[in-house]
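Structure first, commentary second.
The values are calculated or read from the model by the stated rules, or taken from the named source; none is laboratory data. On a predicted model such as this, the values are computed, not experimentally measured, just so you know. Methodologically, a virtual Cβ is constructed for each residue, glycine included, from the backbone with ideal geometry; neighbour enumeration extends over all protein chains shown. The protein model used for the area step is the full one, side chains on, heavy atoms only, and it has no ligands, DNA or RNA in it. Shrake-Rupley method; radii C 1.70, N 1.55, O 1.52, S 1.80 Å.
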Amino acid sequence: MGKLAFFQELLAALEEQRPAVAATVVKVEGEVPGMAVGSHFLWMPDGRYEGPGAAVLEETLGEVAPEVLAGHQPRLETVKVKGGNITLFLEPVLPEPRILILGGGHVGQQVAAAAKLVGYRVTVVDDRPDFANKALFPAADRIICAPFTTALQEIEINPSTFIVIVTRGHRYDYECLRAVIQAPAAYIGMIGSRRRVQGVRERLLEEGVDPQALARVHAPIGLDIGAETPAEIAISILAEIIRVYRRGV
């Protein structure tokens, strides 16, 4: 890929909020056709690959690039290919992190405020006009007043989306978790007592939801810091989200 085409593709990924991995060849050992120091290319999670030597690197990048995206950190990687070794500088191209708050109550309001403080884009969903409004969420980037399942059909969820389920009841927790459990979100957390959370889990298991998908749900939500007030709970939730964002766990 020429330098101009590379930067055009990179700019498009950034503007369209698409994850990718930008790679630069920094060292070539041996005789590897189509590879030269300084060559650039992009790898995309949907399988698209733009750049020189696609046939040489496609399989290798398919294994390494997802780790770079998940780790949110650039790294040098030397890969063995036909004809020699190539050292690449791999840099994640990450969409702006977004927090999707399902529930406009006191905890949701505090989560929105804390999320904006650390620089995340915030979307809030609630089916009650008295809660889904700018007065309660002055800093939110998007507020949707609609039934949760209806709203979730229209919201794009990608690997930079952090989902916070803080609805007003067991029924809505279940509906929201069922709607997002298979989504490629970076994080799914659900508030509630252990008993309430277990009830939702058991119902979804009975419906055939993959146990591994349920295992990645953070519930009860947030780090265990003894939080009690809505503001304290919001801080515990944001702390857990930041840990996942920065460390991947």
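Computed quantities for the displayed model
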quantity	calculated
Angle in degrees between helix 230-247 and the longest Cα principal axis of the chain, rounded to the nearest 10	20 degrees
The range 1-150 - percent of accessible surface contributed by carbon and sulfur, probe 1.4 Å	56 percent
Structure-based [θ]222 nm, the chain - -39500 (n - 2.57) summed over DSSP H runs of at least 4, per residue, nearest 500	-12000 deg cm²/dmol
Global geometry of the range 139-249, whether rounded, prolate or oblate, following the gyration tensor of its Cα atoms and the 1.5 cut on a/c	rounded
Per residue, in Å², the accessible surface of the chain once ligands and nucleic acids are set aside, probe 1.4 Å	50 Å²
FRET efficiency, 1/(1 + (r/R0)^6) with R0 25 Å, evaluated for Arg168 and Ala215 via beta carbons	0.45
Share of Cα-Cα pairs in the chain lying beyond 31 Å, as whole percent	35 percent
Rounded percent of accessible protein surface that carbon and sulfur make up, the range 161-249, 1.4 Å probe	48 percent
Degrees separating the helix 170-180 axis from the principal Cα axis of the chain, which is the longest one	10 degrees
Whole-Hz couplings from phi, Karplus 6.51/-1.76/1.60, listed for the range 209-224; x for Gly and Pro	5, 4, x, 5, 5, 5, 5, 8, 6, 8, 8, x, 6, x, 6, 7
Rough spin-label spacing in nm, given labels placed 7 Å along Cα→Cβ, for Gln198 and His106	2.6 nm
Tilt relative to the chain, helix 194-206 - C-alpha long axis, 0 to 90 degrees, to 10	60 degrees
